[in-house]
Amino acid sequence: MSKDDSLWGSIRTKLIDRKQEWAKEGRLLTGQRGTPLSQRLPPGQHEVKNWPVLDLGLKPRLNADTWQLQIDGLVNAPQTLTWESFAAQPQQKFLSDIHCVTAWSRFDNHWEGVSARHLLDLVQPLPQARHVMLYSADGYTTNLRLDHFGAKDVVLAHSWEGEPLTPEHGGPVRLVVPKYYFWKSAKWLTRIEFCADDKPGYWENRGYHNEGDPWEEERYDR
Ligand SMILES: Nc1nc2c(c(=O)[nH]1)N[C@H]1C(S)=C(S)[C@@H](COP(=O)(O)O)O[C@H]1N2
Ligand SMILES: [Mo]
């Protein structure tokens, strides 16, 4: 039994088992590929106007005063950012669409926060660093290639539509990685680890695709 399983065994809800079933069955796969330029919805997605909440059954309530973001692993300058030091970094606004693997997409989300690119300047990854692992306060993890993390639209967001991120959407700080399915966008972010080797995160360990490009319909590992 992995550490992950013993930690989260108690919250293995029907919901999680069902999503794992979906991954096994290939639910929602359309078999379409590619990106017609005129098309804004990736294959198999439908647009929603609300913003659904998805989690593992836990919604940690983090206090910005005690929240910390640890950035470590293969970097020249590891950091532990408090809310104060995070807020003192350059702030940027971003506009992007959300594509969740459960087939909803939400267009035109306005985010504000610190760009992943700025974070890379701050910590200076070593040449051996090729991957990042994101860790969240609810025990969730997800992995990204370093170049995907460093894309110019990736943000450590504290605000959505001009308001602070609510606790259920991952406040005080979540990641937003627009080019990949939303499971890569870790809520309640508390640690970013830079690694030489790739390793799967929570859903990547449970049948989801390792990369998750919605335009290639990389929903599941199959
Ligand atoms: N910490 C954490 N981050 C997470 C998750 C989670 O369960 N825990 N779920 C992921 C999944 S599957 C999705 S679709 C989005 C949902 O984000 P939302 O609730 O803000 O829509 O968060 C992603 N990030
Ligand atoms: Mo998701």
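Just so it is clear, none of the values below were taken in a lab; they were calculated from the coordinates. Note that the structure is predicted; figures quoted are calculated from it, not measured. Methodologically, a virtual Cβ is constructed for each residue, glycine included, from the backbone with ideal geometry; neighbour enumeration extends over all protein chains shown.
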Which angle from 0 to 90°, rounded to the nearest 10, does the C-alpha axis of helix 14-25 make with the longest principal axis of the chain?
-> 60 degrees
Cross-link partners among lysines for residue 199, C-alpha distance below 22 Å, same-chain residues fewer than 8 apart left out?
-> 3, 19, 24, 179, 184, 187
Looking at the P(r) of the range 145-222, how many percent of alpha-carbon pairs lie beyond 20 Å?
-> 36 percent
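Taking other Cβ within 10 Å of each residue's Cβ, how do 155, 123 sort, fewest first?
The most exposed by this proxy come first: 123, 155.
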Relative contact order for the chain using alpha-carbon pairs under 8 Å, separation at least 6, rounded to a whole percent?
-> 24 percent
Using only the alpha carbons of the chain, determine the length spanned along each of the three principal axes and report them from longest to shortest in whole angstroms.
-> 46, 44, 36
In Å, the Kirkwood hydrodynamic radius from C-alpha pairs for the range 140-190 sits at 11.1 Å
Quote to one decimal, in nm, the extra length available between residue 54 and residue 102 on full extension: 0.36 nm per residue of separation minus the C-alpha distance between them.
-> 16.3 nm
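Expressed as a fraction of 2.2 N^0.38 Å, the rule-of-thumb size for a compact globular protein of N residues, what is the C-alpha radius of gyration of the range 11-83? Show your work: numbers first, answer last.
Details: Rg = 19.3 Å, N = 73, 2.2 N^0.38 = 11.2 Å.
After normalising by residue count via 2.2 N^0.38 Å, the value is 1.72.
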